[in-house]
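Reading through the C-alpha cells given below for one structure.
Please treat every number below as a calculation from the coordinates, not as lab data. What you are looking at is a predicted structure, and each value in this text was computed from that prediction instead of being measured. Glycine also receives a Cβ, built like all others from the backbone with ideal geometry; neighbour counts cover every protein chain displayed.
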Amino acid sequence: MKVNWYSLASGKLQKKQAPSSWLAGEMKQTGESWLEVDETEPQALRQFLAPLDIHPLQLARCLDSVIDPGVLSFADSVLMEYPASLDRESAEHAYLTILLQSPVLVTIRHGPMPALDDLLRSLTAEDAPPLNHLPQIIYLILDHFADLNVDAQIEIRDQSLHLAKIMEENPRAIGATDLARLRWQVENIISLIENQLYCVSRLAASDIRALQIPDRKAYIQDLVSEAEIAQRGAYRLETRVNDLYRDYQMAGADRLEKRLRLLTIVSAISLPLGLVAGLLGMNVGGMPGTNEQSAFLAVIALMTVIALALYWYFRRNGWFD
C-alpha cells in the first residue's frame, strides 16, 4: 500500500515522510493532515484505518471490493465514494473514497487517477493558493473533476459538430460505428455526472460539524450547482447526438429510396421492351416482317424509341431528381 502524507499548516500543504504506523492522537498534534492512499489491500487498509475508529459501516464500505457512489456520515466523520473516472471509452469507473474525520482527511484511490496527481502538484507548488482547512481540499478535488467533465463535454460537442458537418457535405463518409461510439461516450459521461451529482447532493445534506460552517457549506452547494449544470449540458449533448443519429438514418433511407427509384425506372423501361421481344420471338406462323430484310432494324428502332420516350417521361416528371 502506498501512502502520501500532507500536512496543512499556515495555509500551505506540505508533503511529509509517510508514517510507517500512526495514531490518531499523534496526528491531532501535528495539525490537519491529508493521507493520500493508493495500491490498497483490504488487510493493510483495515490496519491503516484502525486508529481513526470510524463507524463499522464506513469501514466496511472502505474495504468492500464492490464500490457504489454514495455518502455515509456518522457523528463527526463522513465517507464518500465518488466516481472520478473520465475514460469515456470504459464502462468501469475509477472511484475515489474520501473520508473526513477532522483533523484527518483520507483519500483512497480505486483505479488510475492522473488528474488527482496534477491537482496535488498544483496544491503543493510554491505559488499555490492558500488552503485554510480540509473541507476546502475536498472542494478543490471535486471541483477539479467537475472541470474535467466540462472539458470532456466540450470535446464530445466538437466531435458531434464535426460529424454533422461531414454528414452535410458527404453523408456516405459517416459510418454507423462512428455515431454508435459517440452515443456511447455521451451515455457514459451522463452516467458519471449523475453519480457525481448524487454524491455531492448527499454530501451537502450531511450534518457533520466540519461541513456546517456557512462558508464551508457554500463550497458544497457550489459543487451541487456545478453538477446540475453539467447534467443539463450532458442531456443537451444526448439530444444533439440523437438528432445526428436521426439525420444519419434519414440520409440512409434517402439513399435507399433513390436506389429503389432507379430500379423502378429500369424495370419500367425494360418491361415494354421485353414485351415487344417476347411477342416477336414467338415461334408461330404468321409473324409479320419475317421475310423483310429491314424488319430487325425496324424492331430495334421501335424499341429504342420506346426506351427514349419512357426515359424522357421519367426525367420530365422528376424521377431522377
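Observations, loosely collected:
- Answer from LEU273, LEU308 - the residue that is surrounded by 12 or more Cβ atoms within 10 Å (Cβ to Cβ) and not acidic (Asp, Glu): LEU273
- Of all residues making up the stretch 266-321, the number that are part of a loop (DSSP other than H, G, I, E, B) and either of a type outside the set (Gly, Ala, Ser) or closer than 30 Å to LEU256 by Cα (or both): 14
- The sole residue among ASP254, ASP215 that is out of contact with any helix residue (DSSP H, G or I) (no Cβ under 7 Å at 6 or more places or on another chain), part of a helix (DSSP H, G or I) and over 24 Å from ASN170 (Cβ atoms) is ASP215.
- Taken over the stretch 96-142, the residue count meeting the criterion of being polar (S, T, N, Q) and surrounded by fewer than 19 Cβ atoms within 10 Å (Cβ to Cβ) is 5.
- The numbered conditions (1) closer than 30 Å to LYS12 by Cα; (2) touching a residue at least 24 places away in the same chain (Cβ under 8 Å); (3) part of a helix (DSSP H, G or I) are all true for ILE190 except (1).
- Residue ID - farthest from ALA277 (Cα to Cα), chosen from residues in the stretch 293-315 that are under 59 Å from the mean Cα position of the chain (by Cα) and without any contact (Cβ under 8 Å) to a residue 40 or more places away in the chain: ARG315
- Qualifying residues in the stretch 201-212 (those that are assigned to a helix (DSSP H, G or I) and touching a residue at least 60 places away in the same chain (Cβ under 8 Å)) - the one surrounded by the most Cβ atoms within 10 Å (Cβ to Cβ): LEU203
- Hits in the stretch 179-200 - residues which are surrounded by 14 or more Cβ atoms within 10 Å (Cβ to Cβ) and either of a type in the set (A, V, I, L, M) or more than 14 Å from the chain's Cα centre (by Cα) (or both): LEU179, LEU182, VAL186, ILE189, ILE190, LEU192, ILE193, LEU197, TYR198, CYS199, VAL200
- Pairs are defined by a Cβ separation below 6 Å, a sequence spacing of at least 6 or placement on different chains, a first member in the stretch 147-160 that is touching a residue at least 40 places away in the same chain (Cβ under 8 Å), and a second member that is of a type in the set (D, E, K, R); the pairs so defined are SER160/ARG240.
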